[in-house]
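Here's the structure, in structure tokens; my notes come after.
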Amino acid sequence: MLCDVCRTGLEGVWDPKNTRRIGLLEDFPDLLEKLFPEVEDENYDEVLDEHERELREPERYVFGHHTDYNSMLRSKLLGCVVCSEFSDLNDEDDLNPSFANLGYYSAFQILLPRGEASQATMAVYVGEPLEQIPHDMVAHDENDDVNSEISHSTSDLQTWAHIQTWMDRCLANHELCLHQDSEIFWPTRLLELRQTGDEKFFRLVYREELDSTERYVTLSHCWGPGPPETKLRLLKSTIDGLRNGLSVDILPKTFQNAFEVIARLKVRYIWIDRLCIVQDSAEDWRAEASTMQSVYRHGLLNIAALSAPDDQAGCFFDRDPASVAPTIVDLGPRDGSIGMFYRFEAEREAWMKDFEGQPLLSRAWVLQERILSTRNLYFGSKQVFWECFETNCCETVPNTSLDKPSNYPSYSRLHRTESSTYKWKPLIHPKKGRSIAQPTDWDSVILTYSQCNLTFPCDKLVAISGLAKRMGYIMRTEYGDGYDTYLAGLWEHTMPESLLWVPKIIGSRISSYRAPSWSWASLDGDIDFRSVRRQSRWRVELLRAEMVPHGNDVTGEVVSGTLTLRGHICKARRSKRVRETRNERREIYSIGSFHHPESDAPVDFHHPENDMPVDLDLRTRYLQFDTIDDSCETVILLFFTCEPHKAKVFSYVQVQGLALIPDDQSQSYRRVGSVWLKEPTDLEGDFERELFSRFPTKTVSVV
């Protein structure tokens with residue numbers, strides 16, 4: 001969308017009576033310098049004369065844009081695709097004197113299409129020194145893949161026509177999606193929709209009562225902040241009432257809207273977690289949680305209440321079409337001789353702001369629901385989105401995929417394995433413009449998952465257990481037995497590398513046990529995995545891994561977990577806290593000294609007799625604690641990697657590892673952080689032996 005300033009400014013470029021022309025090009029030397037950087041000594045007369053002969057009337061002028069900073073800021077916050085590109089550096093004091101004297105904060109110039117060229121350009125100018133912000137415009141016609149016809153509600157027939165088209169296209173042509181549908185599965189319980197006249201009823205039904213010729217739909221939603229006791233749930237005390245049937249009208253708005261969607265789809269059954277899992281039975285909850293991947297994988301469609309922060313907000317929203325639809329501008333002369341309809345190229349990506357940051361995406365349970373479902377239909381406050389194995393689209397881009405150009409190879413060809421196992425689908429992701437869950441890329445899933453919130457922190461592993469089961473099946477099918485050994489959120493065959501995770505910000509641990517300290521699942525907070533280059537030398541060996549699950553599901557809750565590792569260790573004492581930028585909040589210290597783990601004698605990475613000069617300024621020795629409570633004066637370091645780097649002036653190795661402390665409850669150790677070092681060294685000869693020879697090798701158990 002465009003703000004009124006941009007839209008009226010562009011539509012008025014041909015009309016000198018209703019114009020914002022503030023001068024000719026030659027009136028603005030700093031602008032000419034941007035346009036003709038090759039011209040020396042500001043001698044623009046010759047190039048302007050030649051340029052003038054090629055220009056049409058509007059192209060010879062500079063036009064006023066925003067009158068002041070506040071006007072620009074309002075348009076930026078509104079989501080104007082042009083004004084959104086203003087930098088945060090363009091503040092109230094960032095005034096261009098030439099524009100300010102004429103009553104403007106910013107100005108623009110237009111270059112119209114000519115000949116067979118189908119592109120126009122609007123160049124915006126702002127600030128001192130002058131900044132140029134170019135914006136490309138493309139022709140809008142019946143072949144444009146961007147849709148400008150947006151209705152006033154996400155529940156009306158125009159929106160539903162898009163939904164029906166996406167569904168029909170998927171059911172008829174999408175090989176990957178149809179493959180998911182080829183297996184038959186029914187949940188333990190479903191809700192059945194019935195209608196008598198104008199009144200709709202629903203009732204709880206069991207698997208053995210279902211019509212096996214029909215399909216079911218699932219729902220992803222936010223419960224909301226209210227106490228669960230106040231919400232209608234499946235409890236031991238409410239089973240009979242739900243079995244007998246209730247009016248749809250008694251349900252919260254989000255559930256009512258979901259029933260309206262399945263009625264339009266002509267589907268009788270829907271699965272809603274709150275009404276299909278007995279909420280006051282730990283046994284039933286664990287049993288149903290263990291089948292979650294099958295429930296979502298085999299549903300016809302997953303309805304995702306994208307913009308609803310709770311169960312009362314609903315799936316359907318009224319909207320202002322002008323704030324959602326791409327703005328189409330007529331750049332043709334005002335005499336009506338020809339229409340030149342254009343839109344900004346950035347309108348193709350404007351959907352991102354309508355998807356990013358929506359309430360449902362912050363819910364941890366929803367990530368696996370999105371990935372595992374064959375088809376997702378997201379009801380946002382601004383527009384509706386579709387996501388399946390072979391495409392993702394929305395109302396403003398309804399016929400081509402959001403995350404790939406039209407000439408991108410078929411997703412079905414790229415992501416089918418030799419064994420014909422279909423991997424999970426790509427997800428809509430505004431920041432990356434591509435999937436957050438590339439096939440078998442577990443790390444990228446966990447990075448996203450760690451940013452999400454859980455109502456009950458103890459669900460950390462359970463809320464992703466369905467996805468772990470699916471991943472285990474994929475890896476076992478792809479690579480063979482042994483590749484599906486799952487250890488509290490990590491895979492044994494990816495260790496020790498996957499143990500090198502770090503909190504992006506200071507993490508926190510809940511008071512009750514949830515996961516072993518070496519697992520990212522032991523922390524709440526955003527995490528990342530340290531990169532390890534292929535030429536790295538591993539200095540640690542995983543000897544044994546032992547897990548004790550809570551029950552029979554190895555992907556769910558755990559009672560304990562122990563890794564037995566063998567590698568070089570030392571004792572380290574921290575020094576001063578490292579000052580970071582204002583946007584980083586981590587508990588990082590420099591390491592003051594290394595010591596033998598038993599005698600406490602000082603040790604270092606270099607023998608005293610080594611003649612190589614050591615430039616202390618080249619050393620980097622950092623210790624990052626996982627939480628504030630983990631911070632301590634002395635730790636045991638277990639070294640993992642040794643990565644050689646050869647520079648022009650000097651060579652060094654980068655060493656990574658974990659920081660451990662003795663566990664009070666056993667003879668084992670507990671992880672409290674990670675370490676990364678940069679040590680200058682001569683890479684000739686057996687440099688690794690020289691580096692690590694003073695650090696003893698020991699077998700340690702980490703719990």
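The values are calculated or read from the model by the stated rules, or taken from the named source; none is laboratory data. Since this is a predicted model, take the numbers as computed values, not measurements. Heads up, the Cβs are rebuilt from the backbone with ideal geometry, glycines too, and the neighbour counts pull from every protein chain shown. Surface areas here come from the heavy atoms of the whole protein model, side chains and all, with no ligands, DNA or RNA. Shrake-Rupley method; radii C 1.70, N 1.55, O 1.52, S 1.80 Å.
Observations, loosely collected:
- Extension gain for residue 213 to residue 604 (0.36 nm times residue separation, less C-alpha to C-alpha distance): 133.6 nm.
- Segment 673-703: GluC sites (Glu not before Pro) in DSSP coil with no more than 14 other Cβ atoms inside 10 Å: 684
- In loop segments of segment 184-216 as defined by DSSP, there are no trypsin sites (Lys or Arg not before Pro) with at most 14 further C-beta atoms inside 10 Å of their C-beta.
- Electrostatic dipole magnitude of the chain [Cβ: Lys, Arg +1; Asp, Glu -1; Cα centre; debye, to 20]: 3220
- At R0 = 35 Å, FRET efficiency that the Cβ-Cβ distance of residue 19 and residue 161 yields, to 0.05: 0.30
- Gain on full extension, evaluated as 0.36 nm per residue between residue 341 and residue 699 minus their Cα-Cα distance, stands at 121.7 nm.
- Here segment 1-148 is treated with +1 on each Lys and Arg Cβ and -1 on each Asp and Glu Cβ, and its dipole about the Cα centre works out to around 820 debye.
- These residues, 493, 135, go from largest to smallest accessible area, 1.4 Å probe, as 493, 135.
- Listed options for mean projected area of the Cα convex hull in nm² are (i) 54.6; (ii) 39.9; (iii) 45.4. The value calculated from this structure is the one marked (ii).
- Taking a point 7 Å out from the Cα of residue 399 in the direction of its Cβ, the residues of segment 156-176 whose backbone N falls within less than 19 Å of it are 158-174.
- Summing +1 for each Lys or Arg and -1 for each Asp or Glu among the other residues whose beta-carbon sits under 9 angstrom from that of residue 371 gives +2.
- Selection from 599, 453, 525 lying farthest towards where the dipole of the chain points positive, charges on Cβ: 599
- Working note: Karplus 6.51/-1.76/1.60 with θ = phi - 60° gives segment 345-359 the couplings 4, 5, 4, 4, 9, 5, 4, 4, 5, 7, 9, 5, x, 6, x Hz, where Gly and Pro are set to x.
- Within the accessible area of the chain (1.4 Å probe), percent carbon and sulfur: 47
- Candidate aspartates and glutamates for bridging to residue 353, where Cα separation is under 20 Å - those fewer than 8 sequence places away on the same chain excluded: 4, 85, 88, 136, 145, 149, 318, 320, 345, 387, 395, 403
- Residues residue 11 and residue 175, FRET efficiency given R0 of 35 Å [Cβ-Cβ distance, rounded to 0.05]: 0.15
- Heavy atoms of residue 268: accessible area, 1.4 Å probe, square angstrom to 10: 80
- Distance between modelled label sites at residue 229 and residue 287, nm, 7 Å Cα→Cβ extension: 2.7
- The chain - accessible surface per residue (Å², probe 1.4 Å): 45
- Cα→Cβ-extended label distance, 7 Å offset, between residue 473 and residue 559, nm: 2.8
- Amide H contacts under 5 Å for residue 23: 62, restricted to partners 5 or more places along the chain or on a different chain, H placed in the peptide plane at 1.01 Å from N.
- Residue 140 contributes about 40 Å² of solvent-accessible surface, heavy atoms of the protein only, 1.4 Å probe.
- In this calculation the C-beta distance from residue 531 to residue 85 is compared with R0 = 30 Å, giving a FRET efficiency of 0.45.
- Projecting label points 7 angstrom from Cα along Cα→Cβ for residue 77 and residue 60 puts them 4.1 nm apart.
- Summed residue charge, Cβ within 9 Å of residue 25's Cβ, Lys/Arg positive, Asp/Glu negative: -3
- Relative contact order of the chain, defined on C-alpha pairs under 8 angstrom at six or more residues apart (%): 9
- Relative to the 2.2 N^0.38 Å rule of thumb, segment 434-590 has a C-alpha radius of gyration ratio of 1.10.
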